[in-house]
Amino acid sequence: MPNELKDARAPAVPKIMRSPRSLTLEITARCNLRCRYCYFFNNPEMEYRDLSTSEWLKFFDELGALGVMNVTLAGGEPFIREDLPALIDGVVRNRMRFSLLSNGALITDEIAAIIARTGRCEYVQVSVDGASAAVHDSCRGKGSFEGAIRGIRTLQRHGINVGVRVTIHRSNVHDLENIAHFLLDELGLPNFGTNAAGYLGTCCVNADDLLLNMEERKVAMATLLRLTEHYKGRISANAGPLEEGRVWRTMEEARAQGKSAFSMGGHLTACGCPSNKISVRADGAIVPCNMLNHIELGRINRDPLEEVWKTSPALNQLRNRHTIPLSDFEHCAGCSYIPYCTGNCPGLAYSITGMVDHPSPDACLRRFLKEGGTLA
Amino acid sequence: MNQMDKPIANPLVVLREEFDDWAVLFNPDTADAVGTNPVGVAVWKLMDGKRSLAEILTKIKSSFDDTPDAAIKEISSFVDRLAENGFVGLELERK
């Protein structure tokens, strides 16, 4: 393809904001659980150590000065930090809102009351993978179900918005109806989100036991599409079988009807995160995303975040990923879905292929259909 | 808001300058956000509780070329909207 034609088809280059709107901060490398598919552990690039309270507080002051709006406090397990109240106070003092990602087990009345009092908490996300201890604990460890539900009930008692995330794997794929009933009808949550165990972190060494095979993937997709209709949109997804089911149906419909290319289609346009978000590892390394934590852009309290955000060559390369046409890849040769495809998650692409600038094979519709997949 | 009122920007609200002079005003307590153009940013920075709205409008007129009367009305209603949503308050008379 002549260069000028390629350029004309490439999506416009997004402007860079002066600073990120939000950050994900892995405030600890410690966790009370050892889930079999955790993306966080088993990353060779990562140094598993915690920063001190004062190091985080100093960084929060920098975020406040930059006008950052939100931080997501993750880990590890953020509630394992004894100084969590002090960290939350630092976030609030710097005029930011916050969310927490947790397994729920360490959430006490005391810390829930502190969170509620701030009035700044968007949500606390608790992972729930089953409607019973037998299913949930199979990947997360004995007692983890009880801890998660206790944590959710504590948060509810304090009026904190609870965002449950269900990670789908081989041990719970046939339990999805029970999970939806348990979370939405019994626990009374307004909604919950889903994704699937991906080839990341600890999952890489347990992949055969955890990652959905073709039949299970089809079951997950069909069940979730049916459930989301039944529960009228109370089940959401940004990735995993439900999202794939929706996106792939739209792509197939567009291809069958010969529709023109989607605005984000035909290039590595996924994802848009580097235009408004950035992350920090537990050891203080600034990285584009927790799923791309091998790309070190700098260090907090040593490298000014604003400078990293605006001038980091690696970050700008990631931002320009959207100019790379899918037709450049052997993986995509001759694919009729190219005009509707975004190449999907760069983190998963890297984990599977060792290349960031590559479409994610796991999210390939053509491959899914070729290997026996069907769209409901 | 009366022209002689002295608006004061809520110190809790974050002025987030994003692209060029365009900005977002963000109230972290309510999660409300308002997008604004360079004129709005200039108005925001002048609302210190010492200047009246009339003085702020005069200052804006002199800072930006060819400010039409309609724009002045828009600025007044912009400040009113900010006040209604808690982004702006009025400096109380000091005894």
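Results, tabulated for the structure shown:
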| quantity | calculated |
| --- | --- |
| Per-region count, the range A:243-267, residues modelled with pLDDT of 95 or more and in contact with a helix residue (DSSP H, G or I) (Cβ under 6 Å, 6 or more places away or on another chain) | 8 |
| Residues within the range A:229-252 that are in contact with a Phe, Trp or Tyr (Cβ under 9 Å, 6 or more places away or on another chain), farther than 13 Å from residue A:366 by Cα and crowded, with 22+ Cβ neighbours inside 10 Å, tallied | 1 |
| Qualifying residues in the range B:5-35 (those that are among the charged types (D, E, K, R) and closer than 19 Å to residue A:20 by Cα) - the one surrounded by the most Cβ atoms within 10 Å (Cβ to Cβ) | B:16 |
| Selected residue [within 14 Å of another protein chain (Cβ to nearest Cβ) and out of contact with any His (no Cβ under 7 Å at 6 or more places or on another chain)] from B:40, B:86, B:49 | B:86 |
| The lone exception for residue A:216 - which of (1) out of contact with any Asp or Glu (no Cβ under 9 Å at 6 or more places or on another chain); (2) in contact (Cβ under 8 Å) with a residue 60 or more places away in the chain; (3) under 22 Å from residue A:352 (Cα atoms); (4) not basic (Lys, Arg) it fails | (2) |
| Residue that is at pLDDT below 95 and over 20 Å from the mean Cα position of the chain (by Cα), where the choices are A:185, A:109, A:209 | A:209 |
| Those strands (runs of 3 or more DSSP E) lying entirely in the range B:1-65 with at least 3 residues under 30 Å from residue A:88 (Cα atoms) and out of contact with any Lys or Arg (no Cβ under 9 Å at 6 or more places or on another chain) | B:32-36 |
| Residues satisfying the stated conditions in the range A:91-110, i.e. surrounded by fewer than 21 Cβ atoms within 10 Å (Cβ to Cβ), away from every other protein chain (no Cβ under 12 Å) and not in a loop (DSSP other than H, G, I, E, B) | A:109, A:110 |
| Candidates A:349, A:314, filtered to the one that is in a helix (DSSP H, G or I) and touching a Ser or Thr at 6+ places or on another chain (Cβ under 6 Å) | A:349 |
| Search result, residues across the range A:285-304 that are more than 30 Å from residue A:335 (Cβ to Cβ), surrounded by 21 or more Cβ atoms within 10 Å (Cβ to Cβ) and touching a Phe, Trp or Tyr at 6+ places or on another chain (Cβ under 8 Å) | A:300 |
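The values are calculated or read from the model by the stated rules, or taken from the named source; none is laboratory data. Just so it is clear, the structure is predicted and the values come from calculations on it, not from any experiment. Note: ideal-geometry Cβ built from the backbone for every residue, glycine included; neighbour counts use all protein chains shown.
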